[in-house]
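The values are calculated or read from the model by the stated rules, or taken from the named source; none is laboratory data. No experiment lies behind these values; they were computed from the predicted model shown. Cβ placement follows ideal geometry from the backbone for every residue including glycine, while neighbour counts extend to all protein chains displayed. Quick note on the areas: whole protein, heavy atoms, side chains included, nothing else; ligands and nucleic acids left out. Shrake-Rupley method; radii C 1.70, N 1.55, O 1.52, S 1.80 Å.
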Amino acid sequence: MESMMRGARAIWRRTAGAGAAAALFLIAAGPAGAADAIGAPDQPLRFAALGDMPYLGWSEDGGSVVDDSQGRVLVRQIIPAVKAAQPAFTLHYGDLKGGSASCTDALLAERLAQIRAIQPGRTIFTPGDNDWTDCDRDGLAQPMSELERLDRLRALAYRQEEAGAALKPSRQPLYPENARFRAGPAIVASLHVVGTNNGRHQILRDDKRAALAQVDARDAANEVWLAAAFDEAAAADADFVVLVFQADIFKRQGARCTALSREACDGHAWLRDVLKAKASVFDGLVLAIHGDTDDHCLDRPIDGAENFWRLNGPGDRWETAGGAVGGGLLDAVEVTLTPGERPSIAARYLLANEPPPSSCGP
């Protein structure tokens, strides 16, 4: 019977039309209470995701905040909304601060504590480029080595005692930011994939060869971790694989990176290719959650992979010096995964109480 259900599901995936697609955008029902554990394989799973905030305005000398409006929205509206929804867990897709803020220990520790407090023991954080790769910018009050900041971020964010948190995630050796755990009908995994062309652009205060070697090593580790997530999903007969990373990997940046072209290349092309290959042989739905750009949506961005969905989550709201809004959305999103013969993915913004757009633009 199970093999017949899987076969029916595969046929539905291949023939899904507008009606099936519309079902994936149904607004989730009201909160039903947090799961006692991390959910049952045959029951819907609800979780929250947010990131790319708060971006605060800083004085020219970096000594004081001159605009904390995003921080107020986060503390007074978004975090209470997440808590009220009682999701099974929360995913934070990086950029816990704006790019104009120096990456001091004090600021990183403050924001990490804020993230942990959203759902103690049930929050997964994956780094963004604002959190380390962009910490060497000349315009910052305290520009720092990006590689040193990455080491420090890992020490602050992934402490030993957190291995015993409620989610009990597995973490990849040498890359503790890569977490993986089972949650009801899904295998959930974080990957360390950031903007600034995956850390290949603007290496300003480190040895460039050493920094690019670390990018290559991190990509290799991510590929191993991704394969393990799909292998675990297949072994567990999971209906979903959920991935979270910071970068919008679907914004193409030229040719693939090679041993001879390591900077002026598309640092995310390899991941798009691997995701397409993995999704094409997975008998379920794949959802990749990321931030990084302000084109928020829930769509299917990979041709030939109808079971692959991506959620470009809220956040990334910025303003010009003159006060003009540049884009983005201050909100969190609740995701509902419903298993069964026809598994589905639904999402709604918690403050706006509406689903994301079905397209991220052209």
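Checking each residue in segment 215-263 for being farther than 22 Å from Ile289 by Cα, touching a helix residue (DSSP H, G or I) at 6+ places or on another chain (Cβ under 7 Å) and open to solvent by 80 Å² or more (accessible area, probe 1.4 Å) picks out only Arg256. Taken over segment 306-333, the criterion of being among the small types (Gly, Ala, Ser) and at pLDDT below 95 is satisfied by Gly315, Ala321, Gly322, Gly323, Ala324, Gly326, Gly327, Gly328. Restricting attention to segment 120-133, the residues being in a loop (DSSP other than H, G, I, E, B), surrounded by fewer than 24 Cβ atoms within 10 Å (Cβ to Cβ) and not basic (Lys, Arg) number 2.
Is it true that Asp331 is in contact with a Cys (Cβ under 6 Å, 6 or more places away or on another chain), of a type outside the set (S, T, N, Q) and either surrounded by 14 or more Cβ atoms within 10 Å (Cβ to Cβ) or in a loop (DSSP other than H, G, I, E, B) (or both)? No: the conditions fail for Asp331.
Residues are listed down the side, and each one gets a yes or a no for (1) farther than 23 Å from Gln214 by Cβ; (2) small (Gly, Ala, Ser); (3) in contact with a helix residue (DSSP H, G or I) (Cβ under 6 Å, 6 or more places away or on another chain); (4) at pLDDT below 95:
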{"position": "Ala48", "(1), (2), (3), (4)": "yes, yes, yes, no"}
{"position": "Trp58", "(1), (2), (3), (4)": "yes, no, no, yes"}
{"position": "Gly71", "(1), (2), (3), (4)": "yes, yes, no, yes"}
{"position": "Phe89", "(1), (2), (3), (4)": "yes, no, no, no"}
{"position": "Gly99", "(1), (2), (3), (4)": "no, yes, yes, yes"}
{"position": "Asp138", "(1), (2), (3), (4)": "no, no, no, yes"}
{"position": "Ser145", "(1), (2), (3), (4)": "no, yes, no, no"}
{"position": "Glu148", "(1), (2), (3), (4)": "no, no, no, no"}
{"position": "Tyr158", "(1), (2), (3), (4)": "no, no, no, yes"}
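Give the number of residues within segment 227-255 that are under 15 Å from the mean Cα position of the chain (by Cα) and within 14 Å of Val281 (Cα to Cα). Here the count works out to 1. Out of curiosity, is Arg209 out of contact with any helix residue (DSSP H, G or I) (no Cβ under 7 Å at 6 or more places or on another chain) and part of a loop (DSSP other than H, G, I, E, B)? No.
If we keep just the residues of segment 268-304 that are of a type in the set (Gly, Ala, Ser) and modelled with pLDDT of 95 or more, which is nearest to Gln253 (Cα to Cα)?
Ala269
Would you check which residues across segment 196-214 are of a type in the set (Val, Ile, Thr) and either touching a Ser or Thr at 6+ places or on another chain (Cβ under 7 Å) or open to solvent by 50 Å² or more (accessible area, probe 1.4 Å) (or both) and list them?
Result: Thr196, single match.
Restricted to segment 170-195, and to residues that are more than 25 Å from Ala211 (Cα to Cα) and of a type in the set (Val, Ile, Thr), which residue is surrounded by the fewest Cβ atoms within 10 Å (Cβ to Cβ)? The extreme case among them is Ile187.
For (1) touching a Pro at 6+ places or on another chain (Cβ under 8 Å); (2) part of a helix (DSSP H, G or I); (3) in contact (Cβ under 8 Å) with a residue 12 or more places away in the chain; (4) not charged (D, E, K, R), each residue gets a yes or a no:
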| position | (1), (2), (3), (4) |
| --- | --- |
| Asn222 | no, yes, yes, yes |
| Ala229 | no, yes, yes, yes |
| Asp248 | no, no, yes, no |
| Thr258 | no, no, no, yes |
| Glu263 | no, no, yes, no |
| Leu271 | no, yes, yes, yes |
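Residues in segment 182-193: is at least one more than 18 Å from Gly94 (Cα to Cα), modelled with pLDDT of 95 or more and assigned to a loop (DSSP other than H, G, I, E, B)? Looking through segment 182-193, at least one residue is more than 18 Å from Gly94 (Cα to Cα), modelled with pLDDT of 95 or more and assigned to a loop (DSSP other than H, G, I, E, B).
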